[in-house]
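The structure appears right after this line, and notes come after that.
The values are calculated or read from the model by the stated rules, or taken from the named source; none is laboratory data. Being a predicted model, the structure only gives us computed values, none of them experimental. We place every Cβ from the backbone using ideal geometry, glycine too, and count neighbours over all the protein chains shown.
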């Protein structure tokens, strides 16, 4: 019994799962498998049939689009706020983007067939997943605007704040190369922006680790894109 309570407590570290009624969560619980996701691990590739969906608890997963020449850019991030694999309940089995672990940590995986059946059967799960999808689409569209119109420094601030919202720590383990791939910019640009934020006392950056030192100041330096996404997520993801 103690073991069962522990798993339920862990499940509720994911905001979407935590919002579900107890009887709905109880049905999912026996099929949710706890896993550890490693930094840089690929969850799925473009056009790959999805076998599982993933509910991160302490991990963060980046949704990336990779061009034919190998260049890539991040469209959105998923952490304890939601689920990786929305194509499964939006009517498709594949997606043209790839999902890569941005920050190592825990998650729960769920078989696609069971998940799809529950999505169709359980009204609360259906509604929560559609609300989450709307929030994720807002994040994706705002990311596209930000990457087109704002400076690398502002993009980095937005990216750090979105990541920080989905972590339980002030420290992110992240290389300049990975950040550059996420933002779709040159590594040198990330280096200049990160050192500038460090000079201002907003972050501490060294050896692939970024620690957020002054979050209020970071919020003051970011463009409006972060607040647009946060406001919409807070509005929709009340569950």
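Please tell me if residue 233 is surrounded by 18 or more Cβ atoms within 10 Å (Cβ to Cβ), farther than 30 Å from residue 70 by Cα, touching a helix residue (DSSP H, G or I) at 6+ places or on another chain (Cβ under 8 Å) and in contact (Cβ under 8 Å) with a residue 12 or more places away in the chain.
On the way: surrounded by 18 or more Cβ atoms within 10 Å (Cβ to Cβ): yes; farther than 30 Å from residue 70 by Cα: yes; touching a helix residue (DSSP H, G or I) at 6+ places or on another chain (Cβ under 8 Å): yes; in contact (Cβ under 8 Å) with a residue 12 or more places away in the chain: yes.
So residue 233 passes the test.
If you take the residues in region 180-239 that are in a strand (DSSP E or B) and within 23 Å of residue 76 (Cβ to Cβ), which one is farthest from the chain's Cα centre (by Cα)? Break it down into steps so the answer makes sense when it comes.
Looking only at region 180-239, we keep the residues that are in a strand (DSSP E or B), and these are 203-206, 209-212.
Next, only the ones that are within 23 Å of residue 76 (Cβ to Cβ) stay: 203, 210, 212.
Working: 203: 21, 210: 17, 212: 18 Å.
For region 180-239, the residue satisfying everything is 203.
Restricting the search to region 152-174, which residues are in a loop (DSSP other than H, G, I, E, B) and either assigned by TED's automatic domain parsing to the domain that holds residue 85 or closer than 21 Å to residue 14 by Cβ (or both)? Of everything in region 152-174, those that are in a loop (DSSP other than H, G, I, E, B) and either assigned by TED's automatic domain parsing to the domain that holds residue 85 or closer than 21 Å to residue 14 by Cβ (or both) turn out to be 166, 167, 168, 169, 170.
For region 60-96, how many residues meet the condition of being in a loop (DSSP other than H, G, I, E, B) and either closer than 18 Å to residue 126 by Cα or under 18 Å from the mean Cα position of the chain (by Cα) (or both)?
Step one: list which residues in region 60-96 are in a loop (DSSP other than H, G, I, E, B), which gives 67-71, 79-83, 85-86, 91-96.
Checking the rest, the ones that are also either closer than 18 Å to residue 126 by Cα or under 18 Å from the mean Cα position of the chain (by Cα) (or both) come to 79-83, 85-86, 91-93, 95-96.
Adding up the residues that qualify gives 12.
When the residues of region 199-220 are filtered to those that are touching a helix residue (DSSP H, G or I) at 6+ places or on another chain (Cβ under 6 Å) and free of Cβ contacts under 8 Å to residues at least 60 places away in the same chain, the one that is surrounded by the most Cβ atoms within 10 Å (Cβ to Cβ) is 203.
Identify, from the list 118, 177, the residue that is at pLDDT below 90, surrounded by fewer than 19 Cβ atoms within 10 Å (Cβ to Cβ) and in contact with a helix residue (DSSP H, G or I) (Cβ under 8 Å, 6 or more places away or on another chain).
Values: 118 fails: at pLDDT below 90.
Selected residue: 177, the only one of 118, 177 that is at pLDDT below 90, surrounded by fewer than 19 Cβ atoms within 10 Å (Cβ to Cβ) and in contact with a helix residue (DSSP H, G or I) (Cβ under 8 Å, 6 or more places away or on another chain).
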